[in-house]
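Structure first, then comments.
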Amino acid sequence: MSPKNIQIIGTELAIAWDDASESYIALEKLRRHCPCAACGGEVDALGQLHRPAAPTYQPASFKLKRFQAVGGYAVNFAWEDGHDSGIFTYPFLKKLGE
Ligand SMILES: [Zn+2]
């Protein structure tokens, strides 16, 4: 499973998957689930996110600047507040959109 198309629509990320399903994820939700080490997130084998403490956010934290595919298995998102180390795997994005 991989994305055929990813777009930002308003405050949501819209992903069209190659199995013809679609996911809509609020950008704020996406950022709050950032799995990178700096955000303290850690995703276990079941896709559950564990996070020791809530990071500090600002309005720019929920605005997406750009995104790019990573190695054919994930997407990297860069946010307006300069944070760009989050790597979201396809299954994790799919789960966030459910
Ligand atoms: Zn992060």
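Given a Förster distance of 41 angstrom, what is the FRET efficiency for Ala37 paired with Ile9, based on the Cβ-Cβ distance and rounded to 0.05?
So, using R0 = 41 Å, E works out to roughly 0.90.
Once you have the Kirkwood Rh of the chain from its Cα pairs, apply Stokes-Einstein at 37 °C and 0.692 mPa s and quote D in µm²/s.
In µm²/s, the coefficient is 243.
Kindly provide the chymotrypsin sites (Phe, Trp or Tyr not before Pro) of segment 62-98 that DSSP labels as loop, not H, G, I, E or B, and whose Cβ sees at most 13 other Cβ atoms within 10 Å.
Those that pass, being in a loop and sparsely packed, are Tyr73.
At a Förster distance of 35 Å, what's the computed FRET efficiency of Arg66 paired with Glu98, Cβ-Cβ distance as r, to 0.05?
With a Förster radius of 35 Å, E is 0.90.
Pulled fully out, how much extra length does the chain show between Asp19 and Tyr73, if you take 0.36 nm times their separation in residues and subtract their Cα-Cα distance?
Full extension of this stretch gives 17.9 nm more.
Which value at 222 nm does the chain reach when only helices count, each DSSP H run of 4 or more adding -39,500 (n - 2.57), with the total divided by all residues and rounded to the nearest 500 deg cm²/dmol?
Using -39500 (n - 2.57) per qualifying helix, the result is -3000 deg cm²/dmol.
Throughout, read-outs are computed from the coordinates displayed, never taken from laboratory work. All values derive from a computational prediction rather than experimental measurement. Reconstructed Cβ throughout: ideal geometry from the backbone, glycine too, with neighbour counts over all protein chains shown.
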